[in-house]
Amino acid sequence: MDNTRRFNTIQEYNDFNNNETLHPLVSVVDLSKASPRTGSKMYFGFYTIFLKDVKCGDIVYGRHTYDYQQGTLVFIGPGQVAGINSTNDVYQPKGYALIFHPDLVHGTSLGRHIAGYNFFGYQSNEALHLSERERNIVLDLFSKIKYELEQSIDRYSRKLIVSNIELFLEYCRRFYDRQFITREVAHKSLVDKLETLLNDYFESDKPQSNGLPSVAWCAGELHLSPGYFGDLIKKQTGMSALDYIQSKLIEVAKEKVFDPEKTVSEVAFELGFKYPQHFTRLFKQKVGQSPVEFRTSKN
């Protein structure tokens, strides 16, 4: 039996938390007004950002759990399911949630660029941990959005609300950059782990049965979401995750191309390509020569 609570509208989530709905498409929710409750899964049909001020239990998000501490921001995109582990213990929610429907930002600068905020696809164990100063900035921006919601709606309202949400998300992008740097030691081995993962993959017969290793597959093997994995690889190497994987692929391909017993087609299939021409195209794009030209030029 599915006990997931479903929230498709801003009104539904406000009602659940005993908050007044001031705008049908956006709200700053004061979670301390909510009635005490037990944990449950929740489906969100809108963008949701939680700022948790106190420990409130283990949240379940995807296949992972995360024990929230004070000053943690978690981002949930529309259509995702999250929630608190159901232990039948009653807890009092505290903190704030900024929620806004995709319809609010359609046709705006934020609407055109919101897909670029990768953290809406991060898992909860990749949450943003705020310093006290960062938390104050977040609370200030929440306050500005709430102020606008409390005014009579006029021709400036939507623009000011959306602009403040966009400013908030830009600050979060900066805060994540800071987190990547301050946690660099913890993440430093990621590139080494990826290198080992790809070496083992290409030395096995998996490419022939499973095809080329994708960004999503590598992220899953390293227990990260594709977005967080991609952002970390970019920070550490200056390359996108796809470019990094392809550079490793070409490295392996260069060695295999020199085997006189193998045709280019055989090398392509060994590496996981369905069609040899796709391999030739990528090789020429990355190396500047076709596999045959490369083999000949080195002899």
(message) For region 1-46: of the residues being in contact with a Ser or Thr (Cβ under 8 Å, 6 or more places away or on another chain) and among the charged types (D, E, K, R), which is farthest from Ile153 (Cα to Cα)?
(response) Lys41
(message) I'd like the residue in region 131-159 that is among the hydrophobic types (A, V, I, L, M, F, W, C) and in contact (Cβ under 8 Å) with a residue 60 or more places away in the chain and, out of all such residues, is farthest from Val28 (Cα to Cα).
(response) Ile153
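Name the residues in region 144-158 that are basic (Lys, Arg) and exposed (fewer than 12 other Cβ atoms within 10 Å of the Cβ), would you?
Within region 144-158, the subset basic (Lys, Arg) is 144, 146, 155, 158.
Passing the criteria: only Arg155.
Please find, among Ile114, Ile153, the residue that is over 21 Å from the mean Cα position of the chain (by Cα) and either modelled with pLDDT under 95 or not β-branched (Val, Ile, Thr) (or both).
Numbers: Ile114 fails: over 21 Å from the mean Cα position of the chain (by Cα).
On inspection, the qualifying residue turns out to be Ile153.
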(request) Considering only region 243-266, state which residues are closer than 14 Å to Leu212 by Cα, among the aliphatic types (A, V, I, L, M) and free of Cβ contacts under 8 Å to residues at least 40 places away in the same chain. (result) Ile250, Ala253
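The rows are residues; the columns are (1) over 21 Å from Ile245 (Cα atoms); (2) modelled with pLDDT of 90 or more; (3) touching a Cys at 6+ places or on another chain (Cβ under 9 Å); (4) crowded, with 16+ Cβ neighbours inside 10 Å.
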{"site": "Arg174", "(1), (2), (3), (4)": "yes, yes, no, no"}
{"site": "Leu190", "(1), (2), (3), (4)": "no, no, no, yes"}
{"site": "Ser204", "(1), (2), (3), (4)": "no, yes, no, no"}
{"site": "Gln208", "(1), (2), (3), (4)": "no, yes, no, no"}
{"site": "Val215", "(1), (2), (3), (4)": "no, yes, no, yes"}
{"site": "Cys218", "(1), (2), (3), (4)": "no, yes, no, yes"}
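If you go through region 125-132 one residue at a time, do you hit one that is more than 15 Å from Ile49 (Cα to Cα) and surrounded by 13 or more Cβ atoms within 10 Å (Cβ to Cβ)?
Step one: of region 125-132, the residues more than 15 Å from Ile49 (Cα to Cα) are 131-132.
Among the residues that remain, those that are also surrounded by 13 or more Cβ atoms within 10 Å (Cβ to Cβ) are: 131.
For region 125-132, residues more than 15 Å from Ile49 (Cα to Cα) and surrounded by 13 or more Cβ atoms within 10 Å (Cβ to Cβ): present.
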(request) Within region 123-148, count every residue that is touching a strand residue (DSSP E or B) at 6+ places or on another chain (Cβ under 7 Å) and under 19 Å from Thr108 (Cα atoms). (result) 1
(message) Just to verify a result, which residue in region 246-279, among those that are surrounded by 13 or more Cβ atoms within 10 Å (Cβ to Cβ) and acidic (Asp, Glu), is nearest to Lys206 (Cα to Cα)?
(response) Glu270
(message) Looking for something more than 26 Å from Lys286 (Cα to Cα), among the hydroxyl-bearing types (Ser, Thr, Tyr), under 17 Å from the mean Cα position of the chain (by Cα) and at pLDDT below 85 - is there at least one such residue anywhere in region 228-238?
(response) no
(message) So, Phe273, is that one touching a residue at least 24 places away in the same chain (Cβ under 8 Å), touching a Phe, Trp or Tyr at 6+ places or on another chain (Cβ under 7 Å) and not in a helix (DSSP H, G or I) or not?
(response) yes
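The values are calculated or read from the model by the stated rules, or taken from the named source; none is laboratory data. Not measured: the values here are computed from a predicted model. When we count neighbours, we look across all protein chains shown, and the Cβ atoms used for this are built from the backbone with ideal geometry, even at glycine.
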